[in-house]
Amino acid sequence: MAKKTDKAEIIILETADDMPPMPASMGSMRVNKTASWRSIRPIILEDKCRRCMTCWKFCPEPAIYPTDPPTIDYDFCKGCGICINECPFDAITSEKEGK
Amino acid sequence: MKKVLTGNFAAAYGATAAKVNVVAAYPITPQTTIVEILSEIVADGHLKADFIKVESEHSALAACIGAQAAGARTYTATSAQGLALMHELIHWAARGRLPIVLTNVNRAMGPGWSIWADTTDSISERDTGWMQVYCENNQEVFDTILMSYKIAENEDILLPQLVNLDAFFLSHTSQVVDMYDQKTIDSFLPPYKPTIKLDVENPRSFGALTSPEHYYEFSYKIAMAHEKAKQVIADTGREFKKIFGREYGMTESYRCDDAEYILVTYGTIAGTAKDAVDRMREKGIKVGAFKIRYFRPFPVEDVVAGLSHAKKIGVIDRAVSYGHGGAFFTESKAAMYGHDIPMYGFIAGLGGRDVSIEDISGMVGHMQHQDPENMIWIGVKK
Amino acid sequence: MIEIRFHGRGGQGSVKASDILAMAAFKEGKEVQSFPFFGVERRGAPVTAFTRISDDEIRIHCYIYEPDVLVILDPSLIGAVPLTEGLKPNGKIIINTVKDPRDFTFDDAENPQVFTVDCSTIALEYGLGTASAPIVNTAILGAVAKATGLVGIDSITEAIKEKIPVKKEANAEAAAKTFEQLRG
Ligand code: SF4
Ligand code: SF4
């Protein structure tokens, strides 16, 4: 049987019968919160940020919303660090998760 | 309504009667008229479908995959090198469990360039997960396309299907075809309603990375669907007979009951074999013909039930698996394992070489007087 | 089952003739099959086409090796290709020619019944083709109907009108005329 875990959105497929016939997700990526993959947490430094939105463009998830200043959705941010690398103004720093 | 049609027209009209929503195909001899007539039917508004023009067979099947995943009933057709060019996506369609129906006009693989009949093209797609059926005449082409959608779209099956017909011997041969009445066809084959599809209201991703944790199970599910398909094919054949009067199983026996020699074959050679059997019977030879319609799933149970009483079995392949023997032969022989009946593998008709009644009688003569072999070549010029 | 083999040259419409004959027989409730010899076609090259007509289901799917009837659209093929090969004893041969049936002998056939009709002239009378390349495929079918009794001339003319896109009437009338003028 498909089991819903405590984190209500994650669907775990235990048996072949639970699985769809083809490799199709059981829903959109909206239900697959990828926050648990994160080992570093990017943090936007509002003072240094020049609102160029480069981070928004590059986030592959996408977990950055084009607000003023941009905001990171920590439900979905995987901690890949691309935004940190791409910010032309060194306005994103990182912290280790779970310390 | 009965009409005189070539096999290609029977295929195109079959897809039309099945009310497909999307057609994407690229022309290749000898399949070309299928694409031509369908594009006309769509352009004239007789079939409300999208005809997607593509620049290759690879794109044709890609378009069908996208459309079928979005919930459309799709159709495509090709031959030989065209099918080979689709190969990557042939796997995709099966593993994506998309019940696409593809008419393949069996043509020899080049070089030497040949546009003539040979089933090596479709046999080469054996392990992709597609169901494969071979037709004997034009009526069977039309009927099989209708049944194919019904079988392929069954919730327990969801597998694409190759409908094969011999180049020229069917594709360009005219025969009488009963096309029935559209209302009756509609009641037999209601519109396609997939439970899982690409849908903006309920987004999903398809065909994503699959870890060893799940890939094995997906393969298992395809294998189980093939097993279930045997029953669904039989049931659909019976339902078809009730409505339209013609019955189709996975196999067909002709004068096999008391036969000492049984010739197993498929496609148009199966028809010629029936006439050959009649002639040999007149001479007192107890011979029967056994037609295999479905190559995948392979009808092991029917083959065993239909052949185990024979003294000798011959299998005629219009293709060869180099280094071993014809695929219908090796599969039949594996199915007959433990029965201890001598089995003869005949390779015939490659590249459009005609297989006459005389050739077929010669095979039975060979079985009467020679020892069994895996690869017996008929009529090699020596 | 009756098996008919057509012999012509590329461009003469032998394949169409085999189709129309099948269509005509179908109109009379028969099972039919028609197909060309599957070769690479070239204008002027010898072309073979086949028709099978039967009361029962036609299951055979190979070429015709022992025809009951031969239809020769181009007399220049006589002697050039083995036309009468496999012709059944007492088989019928219908030839498009100005000559008389008695002018033909076929040594390798057993008691063939030869019929002749000048389709080329008749075709030209009805404006079908040109003097150097008259189109005789429809015209000769009237002669085939008369010589074999396999199908009625009305079915032939109806089938011609269905299968031929232009000059429907002229094609049908040419067939009706060869039906009248058959010799043999
Ligand atoms: S890339 Fe850097 S500067 Fe540009 S918007 Fe993002 S955080 Fe701000
Ligand atoms: S770390 Fe990666 S996932 Fe997270 S916000 Fe930056 S780019 Fe997006």
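The values are calculated or read from the model by the stated rules, or taken from the named source; none is laboratory data. For clarity, every value in this text was computed on a predicted model and none was experimentally measured. All Cβ positions, glycine included, derive from the backbone under ideal geometry; neighbour counts span all protein chains shown. Please note that ligands, DNA and RNA were not included when accessible areas were found on the heavy atoms of the full protein model with its side chains. Shrake-Rupley method; radii C 1.70, N 1.55, O 1.52, S 1.80 Å.
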Residue selected from region C:18-48 under the condition in contact with a Pro (Cβ under 8 Å, 6 or more places away or on another chain) and surrounded by 23 or more Cβ atoms within 10 Å (Cβ to Cβ), by the criterion nearest to the other protein chains (Cβ to nearest Cβ)
C:Ser18
For region A:44-56, how many residues are outside any loop (DSSP other than H, G, I, E, B) and more than 10 Å from ligand 1 (Cβ to nearest atom)?
0
Looking only at region A:57-99, count every residue that is open to solvent by less than 50 Å² (accessible area, probe 1.4 Å), of a type outside the set (Gly, Ala, Ser), more than 14 Å from every other protein chain (Cβ to nearest Cβ) and away from ligand 1 (no atom under 13 Å from the Cβ) and tell me the total.
3
Could you check how many residues of region B:341-380 are assigned to a loop (DSSP other than H, G, I, E, B) and either away from chain C (no Cβ under 12 Å) or under 23 Å from B:His309 (Cβ atoms) (or both)?
11
So A:Glu97 ticks every box in (1) within 12 Å of ligand 2 (Cβ to nearest atom); (2) modelled with pLDDT under 95; (3) within 28 Å of B:Asp199 (Cα to Cα) but one. Which box is left unticked?
(3)
Kindly provide the set of residues from region C:105-129 that are of a type in the set (A, V, I, L, M, F, W, C) and either surrounded by fewer than 18 Cβ atoms within 10 Å (Cβ to Cβ) or more than 24 Å from C:Ile2 (Cβ to Cβ) (or both), ordered by number.
C:Phe106, C:Ile122, C:Ala123, C:Leu124, C:Leu128
Across region C:3-17, what is the number of residues that are open to solvent by 20 Å² or more (accessible area, probe 1.4 Å) and either within 9 Å of chain B (Cβ to nearest Cβ) or among the aliphatic types (A, V, I, L, M) (or both)?
1
Evaluate region B:245-267: report whether one residue or more is away from chain C (no Cβ under 14 Å), closer than 26 Å to B:Ala18 by Cβ and of a type in the set (S, T, N, Q).
yes
Flagged in region B:70-84 as assigned to a loop (DSSP other than H, G, I, E, B), of a type outside the set (A, V, I, L, M, F, W, C) and open to solvent by 10 Å² or more (accessible area, probe 1.4 Å), in numbering order, are B:Gly71
